[in-house]
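Colleague: Sharing a structure below in structure tokens format, with a few things to ask.
Read the figures in this text as sums done on the coordinates, not as results from a lab. As the structure is a prediction and not an experimental result, all values here were calculated from the model. Neighbour counts run over all protein chains shown; Cβ positions are idealised from the backbone, glycine included.
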Amino acid sequence: MEFLVALASIMMVNIVLSGDNAVVIALASRSLPPKQQKQAILWGSGGAIVLRVILTIVAVVLLQIPYVQFFGGLLLIWIAAKLLMEDDGDENIAANTSFAGAVKTIIIADLVMSLDNTLAIAAVAKGDYVLLVIGLALSIPLIVFGSQIIIKIMDKFPIVVYLGAALIAWTAGEMMVADEKIGPVIHAVIPEWLLPAAVTVGVVAIGLWWKSTHKEKGTEACAKEGNSVQ
């Protein structure tokens, strides 16, 4: 059961964090003929998947080093908060008219945008390479072939994104507590569960506050624009 829960967590994190990657794949290949478009998506995604697996395995190894796990947890907190505060900026990805150019854009953009996925998935896997490979093998094809469905689900049900961010935040807290050097110091001061819980609540609260503030600013801007037109 613990294995299945961890597997589901890896898939959840990968799907939520890969929404932008799915958009990049579509945008980079949108100017190609339909047949080449499918081939570019397959080749580009294939290259990106191989690089992502290698990076994730490297991240798993690095997280075994003292202090790296604690600071990796801090970085993961930022990733979780950023997930709830980011705007759609993928329209700036240039479309390529050549097959090779589209494949190159997909691989490079996916690699750069997958650094957060790499750290989060490595943290959830906790050194279990079997769990890591199975989780990536199941979730990546879902992202590549079901990208539009996933994006629509996240747009229609924002709670999915919040659940993903909460999961990442909880994992970040667990990473910090589990650090070989700093973990014992934290244990001596507070219960083991308190830091992950506090981080999770804090990240979700920041996300809700940002959404509320952003919505108010958008409403004010629309009102000013309406007044100026009148």
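Colleague: Full extension from residue 67 to residue 153: what is 0.36 nm times the residue separation minus their Cα-Cα distance, to one decimal in nm?
Modeller: Once the chain is fully extended between residue 67 and residue 153, it gains 27.2 nm.
Colleague: So between residue 212 and residue 1, what do we pick up on full extension, going 0.36 nm a residue minus the alpha carbon distance?
Modeller: Separation in residues times 0.36 nm, less the Cα-Cα distance, equals 72.2 nm.
Colleague: Order these peptides, 190-199, 117-126, by their mean beta-carbon neighbour count within 10 angstrom, highest first.
Modeller: 117-126, 190-199
Colleague: Can you list the HN-Hα couplings for the stretch 57-66, worked out from phi with the Karplus curve (6.51, -1.76, 1.60; θ = phi - 60°), rounded to whole Hz and with x for Gly and Pro?
Modeller: 5, 4, 5, 4, 5, 4, 5, 7, 7, x
Colleague: Anything over 26 Å Cα to Cα? Flag those among 35/156; 82/126; 38/215; 35/82; 156/211; 38/211, in the order listed.
Modeller: Result: 35/156; 38/215; 35/82; 38/211 exceed 26 Å.
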